[in-house]
Amino acid sequence: MSLRGDVCVVTGAAGFLGKRLVRLLLEEERPAEIRLLDKNVQPQVLRSLEDSRGDTRLSVFEGDIRDGDHLKKACRGASVVFHIASIIDVNDSVEYNEMYGVNVRGTELLLEACVCENVASFIYTSTIEVMGPNPRGDPVVSGREDTAYKSSLKFNYSKTKKEAEDRTLQAHGELLPDGGRLATCVLRPMYIFGEGCRFLLGHMVDGIRNRNVLFRMSKPEALVNPVYVGNVAAAHLQAARALKDPLKRGRAGGRFYFVSDDTPHVSYSDFNHVVMAPLGFGIQDKLPLPFSLFYVFCLVMEAVCMLLRPFVRLVPPLNRQLLIMLNTPFSFSYQKAKAELGYVPRHSWEEARRSTTEWLASQLPVQRDEMRSK
């Protein structure tokens, strides 16, 4: 089932995943129009897509995801919405009201706009962090959608993403003014890596400062399965195709799916090393402190920041929940997405690793020059 001739809305279209999805839509689907909805779309984003545009119209809708009238204009006449935009924050550095407004209220307003404007399909980009890990660090190995797990979410980020997820799934089947019904679907990617990943770039910068030795924040046995950005984009495309297909719509609609690929299971820190080792980076052998002491250290830092909060807002660089997340085995299978959405990873691990390392290599001189100039 093709999206050729459709009008697609992509929120967060100027971001890491959004740009990749827009390009994939242009290259494979040739929709009539793609509406790039973001708070700021730089001219270079459009220029980078020009070689793939063909006859597809690219329309920019700059504005706030919390502006309901703006969202209705962006959705008018559209057939599918890919909702990628959100605030990502695992340090709790963003005020809760701001995060709730964007992640939850923005999703609610977008769903209302879809119903008002007869949009048939809505795909929401969630995160593995709505699942956990929980504060106890209970592991999951190759989990599935029916895996039982007591999450006890602690991050404001994961809480707001889960609430937005729930709103999306609850909206499935809502009656549209034209007599049709809205179909919704939620995708839960693992940690997304690839060209343009700001987290990988941040780890590389830290490694440069540490004389080309990457910091170890994860125990080697804390295995996770990151997913390549190109494969996550492909999963979004397959979800949209499934929701448009009358034979698959009833099965896929109102459900969530984990999105992973064939990236080897490895700890977060060792993954950083795998993609940066060809650039000359080493990695610390062990955690800076034994895990239990590291946990206490984070607790003390959080307590100090809390005591100072009436006077100054300080955010510790590492908190207990982030430490647990980095040190808990937590991996999930994509087999349900394969069976019900037709999702199959487009890019092999070898290709994904090579492309990511080449991108990091292109950024390395820039980062070194910036450090020398400071």
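Tell me, CYS8, CYS197 in order of fewest to most beta-carbon neighbours within 10 Å? Don't skip to the end; give the middle numbers.
Numbers: CYS8 24, CYS197 21.
Final ranking by Cβ density, sparse to dense: CYS197, CYS8.
For the chain, just list the percent of Cα-Cα distances falling in each 10 Å bin from zero outward, please.
5, 23, 33, 26, 11, 2, 0
Could you give the nm distance between label points at TYR149 and ARG368, where each point is 7 Å from its Cα heading toward the beta carbon?
Here the answer is 4.0 nm between the modelled labels.
Going down the table (LYS162/LYS338; LYS19/LYS39; LYS39/LYS162), which pairs top 19 Å between alpha carbons? Don't skip to the end; give the middle numbers.
Working: LYS162/LYS338 23 Å; LYS19/LYS39 14 Å; LYS39/LYS162 23 Å.
Listed pairs above 19 Å: LYS162/LYS338; LYS39/LYS162.
Mind checking which lysines have their C-alpha under 16 Å from LYS286, skipping anything on the same chain fewer than 8 residues away?
Those lysines meeting the cut-off are LYS219.
For the peptides 314-322, 110-118, what is the packing order when you average, over each peptide's residues, the other Cβ atoms within 10 Å and list the highest mean first?
110-118, 314-322
Antiparallel versus total DSSP beta bridges in the chain: what percent is that, nearest 5?
Roughly 5 percent of the DSSP beta bridges within the chain come out antiparallel.
Output the Kirkwood hydrodynamic radius of region 270-330, Cα pairs only, in Å rounded to one decimal.
13.7 Å
With a 10 Å Cβ neighbour count serving as the proxy for reagent exposure, in which order, fewest first, do ASP270, ASP55, ASP69 appear?
ASP55, ASP69, ASP270
To the nearest Å, what is the center-to-center distance of region 1-70 and region 149-177, using C-alpha atoms only?
24 Å
Run the simple label-point estimate for SER142 and ASN40 please: 7 Å along Cα→C-beta, distance reported in nm.
4.5 nm
Give a residue-ordered list of calculated ³J(HN,Hα) values for region 33-40 (Karplus: 6.51 cos²θ - 1.76 cosθ + 1.60, θ = phi - 60°; whole Hz; x for Gly, Pro).
For region 33-40, the Karplus curve yields 8, 10, 9, 8, 9, 7, 6, 7 Hz.
Report Rg/Rh for region 151-263, rounded to two decimals, where Rg is the Cα radius of gyration and Rh the Kirkwood radius.
1.09
For the residue pair LEU307 and GLU112, what label-to-label distance in nm results when each label sits 7 Å from Cα along the Cα-to-beta-carbon direction?
Once both label points are built, they end up 4.4 nm from each other.
To the nearest 500 deg cm²/dmol, what mean residue ellipticity at 222 nm is calculated for the chain from DSSP H runs of n ≥ 4 alone, each contributing -39,500 (n - 2.57), summed and divided by the residues?
On the way: 14 runs with 164 residues, N = 374.
For the chain, the value works out to -13500 deg cm²/dmol.
Cα centroids of region 79-147 and region 275-350: how far apart, whole angstrom?
19 Å
GLN335 to ASP67: extension gain in nm, 0.36 nm per residue of separation minus the Cα-Cα distance?
92.8 nm
What's the local net charge at ALA277, with K and R +1, D and E -1, over the other residues with C-beta under 11 Å away? If you can, show how the numbers build up before the last one.
Details: positive: ARG353; negative: ASP270.
Residues close to ALA277 contribute a combined charge of 0.
If you stretched the chain out fully between ALA32 and ASP262, how much longer would it get, using 0.36 nm times the residue separation minus the C-alpha to C-alpha distance?
Once the chain is fully extended between ALA32 and ASP262, it gains 79.5 nm.
Of the options LEU287, ASN272, GLY254, report the single residue whose Cα projects farthest towards the positive end of the charge dipole of region 227-292 (beta-carbon charges: Lys, Arg +1; Asp, Glu -1).
Result: GLY254, furthest along the dipole toward the positive end.
Once amide H atoms are built 1.01 Å from N in the peptide plane, which residues 5 or more positions from SER260, or in another chain, come under 5 Å H to H?
TYR334
Under 19 Å from the Cα of LYS150, which aspartates and glutamates turn up, not counting those fewer than eight places away in the same chain?
Result set, ordered by chain and number: GLU129, ASP138, GLU163, GLU165, ASP166.
Residues in region 193-223 near a label at SER348, defined as backbone nitrogen under 20 Å from the 7 Å Cα→Cβ point?
193-195
Starting from region 1-79, pick out the trypsin sites (Lys or Arg not before Pro) whose DSSP state is loop and whose Cβ has at most 12 other Cβ atoms within 10 Å.
Counting only loop positions with at most 12 other Cβ atoms within 10 Å, the trypsin sites (Lys or Arg not before Pro) in region 1-79 are ARG4.
Ranked highest first by average number of other Cβ atoms within 10 Å, how do 171-179, 304-312 line up?
Details: 171-179: 13.1, 304-312: 10.1.
In descending order of packing, they fall as 171-179, 304-312.
Cut-off 14 Å, label point 7 angstrom out along Cα-to-Cβ of ILE88: give me the residues of region 19-54 whose amide nitrogen falls inside.
The answer is 19-21.
Only the coordinates and a few stated rules stand behind these numbers; no lab work does. Note that the structure is predicted; figures quoted are calculated from it, not measured. Cβ atoms come from the backbone with ideal geometry, glycine included; neighbour counts cover every protein chain shown.
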